[in-house]
Amino acid sequence: MATPVVTAPPSEAAIQRGPTLRQRVTNFMPVIALVAIIAALSIKDPGFFTQSNLTAASKTAAPLIVLAAGATLVVLCGGIDLSIAAMCSLSTVLLAMWVPDLGAASVPAVILAAGVIGAVQGVVHVVLRIPSFIVTLGGMSIFSAIALVISDAGPIRLVDRDLLNWLNLYVGGYIPMSFALALIVVAILTLIIKLTPIQSWISAIGYSESAARLAGSPVDFVKIGAFTVSGACAGLAAVMLVSRNFSGSPTMADNLLLPAVAAIVVGGTAITGGHGSMWRSVAGALVVTLLRVGLPIVGVPSAYEQILYGAIIVIAVALTLDRSKVLIIK
């Protein structure tokens, strides 16, 4: 006669156990960082937070918000898009070159072209089974080279400044149109994701791609879609940059790659995928923008900016990394 196996019920402490301290810190990371930066800048320069300074900072943050939001979808799927800055620079060159022939149609044409390029990277990633890191690293080199070749390694002047003047207007006299557009884009993408099965698909892929495939989730379709959105967002960010500089340049957005990655991880999106959101990246982009604007105020030379971004990325990844999914660190 078999001996019955008695399983002890889980303890009350195990049932009521809430999130760990690390998870709580991760959830509030953007808020903690914003409060710390605001406090430091207020102490150093009490007159910094004026309406004009905040308006200028929000205008500076707009392209970064769009770049980070698009790349967040790729990260949530467990990948990485290192080509967003190079694609954005290439898009500024294409926009400046296409305006004389296409006029207003050049704006959607550039966004569409960047989206198609992003989709191609996604197809290469899922069909050839090449890590997204390698695909987008190669894409970054290719896009930078193409931008240099077609622009003759120099800026291209925007012949019709009135075409993008609407992005330099202000909503209510205070909020830059580019900043408002960035928030609208993030809101629309968030609604589309939340009101469709896409959110559950992205979360499943980010947590365990093999399990998502067994469950019947359209893994390849979702990952290609994420790269497509990331590319299109790079194209939109390029439009915002051209509206500010009235020219396209093969290196215009190259300095936005580290800030965009920093915005994603500071926002609390796990680099291993599955956990995070685009709104978190928006908060992270605001943190990074305040750092970029505020570093000279607190006496930190701009030469140290890249060092700070690197340190921020390492610390933020250490806090958000899901080590249960990475058993061996190489």
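The values are calculated or read from the model by the stated rules, or taken from the named source; none is laboratory data. Predicted model only: the values in this text are computed from it and were never measured. Heads up, the Cβs are rebuilt from the backbone with ideal geometry, glycines too, and the neighbour counts pull from every protein chain shown. Areas reflect the complete protein model, heavy atoms only, side chains present, ligands, DNA and RNA absent. Shrake-Rupley method; radii C 1.70, N 1.55, O 1.52, S 1.80 Å.
Okay, residues lined up against (1) touching a Ser or Thr at 6+ places or on another chain (Cβ under 9 Å); (2) within 30 Å of residue 75 (Cβ to Cβ):
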site: 98; (1), (2): yes, no
site: 123; (1), (2): no, yes
site: 128; (1), (2): no, yes
site: 132; (1), (2): no, yes
site: 138; (1), (2): yes, yes
site: 146; (1), (2): no, yes
site: 154; (1), (2): yes, no
site: 163; (1), (2): yes, no
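Can you find even one residue in the range 194-210 that is in contact with a helix residue (DSSP H, G or I) (Cβ under 8 Å, 6 or more places away or on another chain), more than 14 Å from residue 76 (Cβ to Cβ) and without any contact (Cβ under 8 Å) to a residue 40 or more places away in the chain?
Scanning the range 194-210 turns up no residue that is in contact with a helix residue (DSSP H, G or I) (Cβ under 8 Å, 6 or more places away or on another chain), more than 14 Å from residue 76 (Cβ to Cβ) and without any contact (Cβ under 8 Å) to a residue 40 or more places away in the chain.
Going by what's in this entry, would residue 29 be described as open to solvent by 10 Å² or more (accessible area, probe 1.4 Å) and at pLDDT 70 or above?
For residue 29, the condition - open to solvent by 10 Å² or more (accessible area, probe 1.4 Å) and at pLDDT 70 or above - is met.
May I ask you to list pairs of residues, at least six apart or on different chains, whose Cβ atoms are under 6 Å apart, with the first in the range 246-258 being closer than 13 Å to residue 152 by Cβ and the second being surrounded by fewer than 18 Cβ atoms within 10 Å (Cβ to Cβ)?
Short answer, once both residue conditions are applied: 250/148.
Working only within the range 220-236, note down all residues that are over 18 Å from the mean Cα position of the chain (by Cα) and in contact (Cβ under 8 Å) with a residue 60 or more places away in the chain.
220
If I filter the range 155-170 for residues that are over 18 Å from residue 239 (Cβ atoms) and not basic (Lys, Arg), do I get at least one hit?
No - not one qualifying residue is present in the range 155-170.
Checking the structure you have, find out if any residue of the range 135-155 is part of a helix (DSSP H, G or I), open to solvent by 10 Å² or more (accessible area, probe 1.4 Å), of a type in the set (Ser, Thr, Tyr) and touching an Asp or Glu at 6+ places or on another chain (Cβ under 9 Å). Walk me through it before giving the result.
Here is the first cut: in the range 135-155, the ones part of a helix (DSSP H, G or I) are 135-150.
So of that shortlist, the ones also open to solvent by 10 Å² or more (accessible area, probe 1.4 Å) come out as 135, 137-138, 140-146, 148-150.
Restricting the remaining residues to those that are of a type in the set (Ser, Thr, Tyr) gives 141, 144.
If we keep only those that are touching an Asp or Glu at 6+ places or on another chain (Cβ under 9 Å) as well, we get 144.
Yes, the range 135-155 has at least one match.
Within the range 236-289, which residues are part of a helix (DSSP H, G or I) and open to solvent by 20 Å² or more (accessible area, probe 1.4 Å)? Explain how you work it out, then say what you get.
Our first condition is that a residue be part of a helix (DSSP H, G or I); within the range 236-289, this holds for 236-245, 254-266, 278-289.
Listed by number, the residues that qualify are 236, 244, 245, 254, 255, 257, 258, 261, 279, 280, 283, 286.
Filter the range 43-59 down to residues that are open to solvent by less than 60 Å² (accessible area, probe 1.4 Å) and assigned to a loop (DSSP other than H, G, I, E, B), then give me how many there are.
Matching residues across the range 43-59 total 4.
Quick one: residue 163 ticks every box in (1) in a helix (DSSP H, G or I); (2) open to solvent by 50 Å² or more (accessible area, probe 1.4 Å); (3) in contact (Cβ under 8 Å) with a residue 60 or more places away in the chain except a single one, so which number is it?
(2)
Hey, any hits in the range 106-119 for a residue that's outside any helix (DSSP H, G or I), open to solvent by 70 Å² or more (accessible area, probe 1.4 Å) and either touching a residue at least 40 places away in the same chain (Cβ under 8 Å) or over 30 Å from residue 205 (Cα atoms) (or both)?
No, the range 106-119 has no match at all.
What's the number of the only condition in (1) over 16 Å from the mean Cα position of the chain (by Cα); (2) open to solvent by 50 Å² or more (accessible area, probe 1.4 Å) that residue 188 fails to meet?
Residue 188 satisfies every listed condition except (1).
Kindly list the number of the only condition in (1) in a loop (DSSP other than H, G, I, E, B); (2) open to solvent by less than 30 Å² (accessible area, probe 1.4 Å); (3) over 24 Å from residue 139 (Cα atoms) that fails for residue 297.
(2)
Taking the options 243, 217, 178, 247, name whichever one is of a type outside the set (D, E, K, R), in contact with a Phe, Trp or Tyr (Cβ under 9 Å, 6 or more places away or on another chain) and closer than 20 Å to residue 104 by Cα.
Exactly one of 243, 217, 178, 247 is of a type outside the set (D, E, K, R), in contact with a Phe, Trp or Tyr (Cβ under 9 Å, 6 or more places away or on another chain) and closer than 20 Å to residue 104 by Cα, namely 243.
Just give me the residues in the range 184-225 being of a type in the set (S, T, N, Q) and either assigned to a helix (DSSP H, G or I) or closer than 21 Å to residue 127 by Cα (or both), in sequence order. Steps first, please.
We begin by selecting, within the range 184-225, every residue of a type in the set (S, T, N, Q); these are 190, 196, 199-200, 203, 208, 210, 217.
Hits for the range 184-225 are 190, 199, 200, 203, 208, 210, 217.
For the range 75-93, give me the residue count where each residue is farther than 15 Å from residue 284 by Cβ and crowded, with 24+ Cβ neighbours inside 10 Å.
The number of residues fulfilling the criteria is 13.
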